[in-house]
Amino acid sequence: MCLLVSLAHAQDVGRPPRKETGRKGRLVRPLNCPRIYLTTSSGINNNTGVAGFSFDIPFDKYLAADLGAGYSSWGYKAYLGGKYYLLPCHRGWAFGTGVTYNTGLTGQQVTAATIGGNETVRLNLHSQSNVLFAAYHYWSLGKRYNRFYGQLGWSVPLSSSNTYDETSGEPLTAAADKTIRRRAPGGLVAAIGFSFGVH
């Protein structure tokens with residue numbers, strides 16, 4: 001995140017310093033809103049996983065399509081959704097919904113409590129589909145309509161409750177089984193991210 005902030009700040013590097021006049025200069029932004037936003041984000045049940053990117057594509061003053069991909073604790077993750085913004089130029093509050101898909105993982109090794117004690121077991125994490133509902137708030141960052149945002153929402157699983165299979169090791173205890181199922185996609189969505197406007 002520090003790297004992204006420094007990149008946004010670096011847009012002004014290389015321009016000759018202006019003479020101080022004692023008055024605060026006006027922030028001059030482009031006349032038109034960006035045609036597309038390139039977004040990177042992270043969080044809990046984030047749209048594109050722990051590390052991912054997405055494209056926010058406005059097609060109206062208040063509406064935008066959103067799609068992206070990334071990596072999560074449940075394999076690779078893909079996202080497709082839409083947002084409705086309360087302010088023009090895609091700032092302030094927005095509300096959105098979308099669908100996510102996690103590929104799952106095969107042969108995942110974890111150390112867990114089994115009926116024979118703690119040991120390393122091998123799991124196949126099944127693919128999962130979810131629908132999410134979220135509220136977003138966007139703040140302007142820099143002079144080019146770049147944005148910082150926070151997201152809060154809820155993700156609902158569409159897949160069956162059979163989220164994983166154990167392929168080797170002693171059977172898990174009930175507590176360990178519950179812990180692994182809690183790791184599956186779904187529940188609280190809380191994320192932060194940066195969007196870079198492309199004109």
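Coordinate-derived values only; no laboratory data. Quick caveat: nothing in here was measured; it's all calculated off a predicted structure. Note: ideal-geometry Cβ built from the backbone for every residue, glycine included; neighbour counts use all protein chains shown.
Please report, in debye to the nearest 20, how large the charge dipole of region 33-198 is about its Cα centre when each Lys and Arg carries +1 at its beta carbon and each Asp and Glu carries -1 there.
Values: 13 positive and 8 negative charges, 155 e Å.
With only Lys, Arg, Asp and Glu charged at Cβ, the dipole is about 740 debye.
Counted residue by residue at 0.36 nm each, then reduced by the alpha carbon distance between them, the extension gain from LEU158 to CYS33 reaches 41.4 nm. Among VAL110, VAL121, VAL156, sorting on how many other beta-carbon atoms sit within 10 Å of each Cβ, with the fewest leading, yields VAL156, VAL110, VAL121. Only alpha carbons enter this Debye calculation for region 33-198, each as an equal point scatterer, and the log10 of I(q)/I(0) it gives at q = 0.14 Å⁻¹ is -0.71.
Find the relative contact order for region 34-131 and round it to a whole percent, using C-alpha pairs within less than 8 Å whose residues are 6+ positions apart.
Numbers: 233 pairs, mean separation 18.2, N = 98.
Value for region 34-131: 19 percent.
As a proxy for reagent exposure, ASP60, ASP177, ASP66 were ordered by neighbouring Cβ count within 10 angstrom, fewest first; the result is ASP60, ASP177, ASP66.
Among PHE194, PHE55, rank each residue by its count of other Cβ atoms within 10 Å, from fewest to most, as a rough exposure measure.
Working: PHE194 19, PHE55 15.
Fewest-to-most Cβ neighbours within 10 Å comes out as PHE55, PHE194.
Across region 160-169, rounded Karplus estimates of 3J(HN,Hα) from the backbone phi angles (6.51 cos²θ - 1.76 cosθ + 1.60, θ = phi - 60°) give 6, 6, 7, 7, 7, 10, 8, 9, 7, x Hz, Gly and Pro being marked x.
Along its three principal directions, the equivalent ellipsoid of region 135-199 from the Cα gyration tensor extends over semi-axes of 40, 12, 10 Å, largest first. Distance from the Cα centre of region 86-129 to that of region 151-199, in angstrom? That distance is 3 Å.
Mind ordering 143-151, 39-47 by average Cβ neighbours within 10 Å, highest first?
On the way: 143-151: 18.8, 39-47: 20.6.
Put in order of decreasing packing, that is 39-47, 143-151.
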